1. Within the stretch 19-64, how many residues are open to solvent by 60 Å² or more (accessible area, probe 1.4 Å), within 26 Å of ALA5 (Cα to Cα), touching a helix residue (DSSP H, G or I) at 6+ places or on another chain (Cβ under 8 Å) and not polar (S, T, N, Q)?
2. Suppose we filter GLY226, GLY231 for residues that are open to solvent by less than 40 Å² (accessible area, probe 1.4 Å), more than 25 Å from PRO170 (Cα to Cα), part of a helix (DSSP H, G or I) and free of Cβ contacts under 8 Å to residues at least 12 places away in the same chain; which single one remains?
3. Any idea which residue in the stretch 43-80 is nearest to ALA162 (Cα to Cα), counting only those that are part of a helix (DSSP H, G or I) and of a type in the set (Val, Ile, Thr)?
4. Which members of the stretch 21-51 meet the condition of being farther than 17 Å from VAL105 by Cβ and in contact with a Gly (Cβ under 8 Å, 6 or more places away or on another chain)?
5. Does TYR219 qualify as being open to solvent by less than 40 Å² (accessible area, probe 1.4 Å) and at pLDDT below 95?
6. Of the conditions (1) modelled with pLDDT of 90 or more; (2) not in a loop (DSSP other than H, G, I, E, B), ASN146 satisfies every one except a single condition; which number is it?
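The values are calculated or read from the model by the stated rules, or taken from the named source; none is laboratory data. From a predicted model like this one, the values you see are computed outputs, not experimental measurements. Please note: Cβ atoms are built from the backbone with ideal geometry, for glycine as well, and neighbour counts cover all protein chains shown. Just the protein is used for accessible areas: all its heavy atoms, side chains included, with ligands, DNA and RNA removed. Shrake-Rupley method; radii C 1.70, N 1.55, O 1.52, S 1.80 Å.
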Amino acid sequence: MPDSACLTLFCLPFAGAGANIFLPWLDVFGPKIRVCPVEYPGRARRYAEPMPVDLGDLVDAILDGIGSLLPEKYAYFGHSMGGLLAYELARRSRASSIPLPQAIVVSSWAAPSSLQALRKRHLLNDEAFIHELRAMGGTPDEILSNQKLLPFILPIARADFALIEKWRSPPAAPLPLPIHVLGGDNDPEVLVHALQQWQNHTTAGMSLDVLSGGHFCVYEQKTTTGTIVRGYLNQAIEQNHCD
């Protein structure tokens, strides 16, 4: 971690993924931004912990885990399910009088005001569920084809999908912090119109960058994504007079 970091970026994985998905991002954002991948309960080094059965419980578990570590200046970056969690963490922090992040960066997740009822993929049988994961991308085919790994991977992915497919965000006032949004122009999961609606959830400005590609285009274009996000966060750094 760079000693000169001015802001900590907590990175929130998509459904079924662990913190290691962000290891290639550690040096993308430059010396002023400290990247801190978040590990959810029930996987990797937290495998022995029970997986939350409600998204609100997962939000609480994340806040409990990072609460004592919160630096003065921080932000959230979340992709897909992680984008939802970034928003819910900020919303829960405001309700609990926890210091708010400087900004949240939401990647490939629809604004709560436009979110439609999600298909119940978590109820599919294994064959159909694997087909859905393969169609979405994000999970390497060599993993989805590995019969030894599937008994470990599928329950985690299925549990995460259940969290987001059952979740209904309660009505909430717009957040007093910037919301920066990324998405793909060919993402069948999240249309650009649904990304634009994030403007309804902030009083501090919303920006939108649309990349070419589908649901996981931010990973496929890591360098471009890193440049865009660094630009967002450098604005927050400069506003806080961090050298």
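1. The qualifying residues number 2.
2. Working: GLY226 fails: free of Cβ contacts under 8 Å to residues at least 12 places away in the same chain.
Every option except GLY231 fails the conditions.
3. Filtering the stretch 43-80 for residues part of a helix (DSSP H, G or I) gives 44-46, 55-69.
Of the ones still in play, those that are also of a type in the set (Val, Ile, Thr) are 59, 62, 66.
Working: VAL59: 15, ILE62: 18, ILE66: 24 Å.
Residue satisfying both the conditions and the ranking: VAL59.
4. GLU39, TYR40, ARG43, ALA44, GLU49, PRO50, MET51 - these are the residues of the stretch 21-51 that are farther than 17 Å from VAL105 by Cβ and in contact with a Gly (Cβ under 8 Å, 6 or more places away or on another chain).
5. Working: open to solvent by less than 40 Å² (accessible area, probe 1.4 Å): no; at pLDDT below 95: yes.
No: the conditions fail for TYR219.
6. Looking at each condition in turn, ASN146 falls short on (2).
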